[in-house]
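Remarks on the structure that follows.
Nothing in this text is a laboratory measurement; each read-out follows from the coordinates by a stated rule. What you see is a predicted model, and the numbers here were worked out from it, not measured in a lab.
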Amino acid sequence: MSGLLAQKRKALIPYVTAGFPFADITPALMHGMVIGGADVIELGVPFSDPSADGPVIQKAGDRALAFGIGLVQVLAMVREFRLQDDKTPVVLMGYANPVEAYDFKRGADAFVRDAAAAGIDGILIVDYPPEECVDFAAKLRAHHMDLIFLLAPTSTPERMAQVARVASGYVYYVSLKGVTGSGALDIDAVEAMLPRIREHVSVPVGVGFGIRDAATAKAISRVADAVVIGSKIIQLTTSSRASRWCLSCVSSWPISAARWTHNCA
């Protein structure tokens with residue numbers, strides 16, 4: 001993302017749940033997001049108890065789990081994506097339980113090893129607190145991967161400082177109190193919060209939760225380094241009845257957001 005900032009461009013970061021809406025469509029959806037203007041892809045790892053996700057992404061995760069999609073399958077999807085695209089950064093977003101279970105079955109640090117081998121660039125574990133992640137962050141950096149953290153409207157200066165000590169790549173500012181897709185975004189509140197975050201955090205700051213159209217993306221991109229769009233894309237793929245329509249939605253809708261985010265410096 002630092003390269004984009006040097007070009008005075010903002011990053012577009014779309015999110016999709018791995019294995020949704022069809023078990024085998026994810027690599028193609030990822031390529032579609034790149035066509036649509038994605039600079040970074042956030043790939044959600046399905047989990048049965050996603051505490052930060054709203055109903056839209058929860059339902060997507062439930063369907064993916066019903067298809068048998070777990071962390072092993074997600075890494076395989078990334079490997080398939082990398083056969084054609086070795087440049088677009090991919091960030092896994094998920095929860096501690098699948099990671100811990102993966103290492104329990106395969107040995108210590110198996111997740112870090114296998115994620116790096118698959119071509120992952122960053123990891124965001126929603127329920128990993130920064131004060132307990134110093135060793136994990138070092139292991140990821142040793143494999144050329146970033147550890148990304150969430151910050152929220154309720155984050156204290158102390159919490160921001162803790163995140164700053166271990167975060168790399170970017171931090172993800174959750175613009176709403178609540179879960180993904182839970183309400184309307186207060187742009188003025190976001191604009192007021194970002195300078196406070198930047199007092200502590202030197203890496204780029206992306207903003208997500210509540211970004212549902214190009215106009216909102218444009219407004220956020222004026223103050224943030226990156227715009228993260230998740231629930232809206234899941235909604236589009238949910239309403240699409242066939243694979244080709246899913247691909248069309250994912251590759252075309254972000255373009256309108258990308259036109260704004262890439263040029264707002």
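Could you pull out every residue, at least 5 positions away or on a different chain, whose amide H is within less than 5 Å of the one on LEU151? Hs are placed 1.01 Å off N in the peptide plane, and Pro or chain starts have none. Residues meeting the criterion, in which the H sits 1.01 Å from N, are TYR172, TYR173, VAL174. Taking every Cα-Cα distance in the range 2-261 and sorting them into 5 Å bins starting at zero, the pair-distance distribution P(r) comes out as 1, 6, 14, 19, 21, 18, 13, 6, 1, 0 percent. Database remark: amide H of THR17 closer than 5 angstrom to the amide H of GLY44 (H placed geometrically; neighbours at sequence offset of 5 or more, or on other chains; Pro and chain starts carry no H).
Amide H contacts of ALA11 (H built 1.01 Å from N, in plane; Pro and chain starts excluded): ALA226, VAL227 sit under 5 Å, all sequence-distant by 5 or more or on other chains. For the range 46-167, the spread of Cα positions along the three principal axes, ordered from largest to smallest, is 41, 35, 30 Å. Under 20 Å of direct C-alpha separation, and excluding same-chain neighbours fewer than eight residues apart, LYS218 reaches these aspartates and glutamates: ASP39, GLU42, ASP186, ASP188, GLU191.
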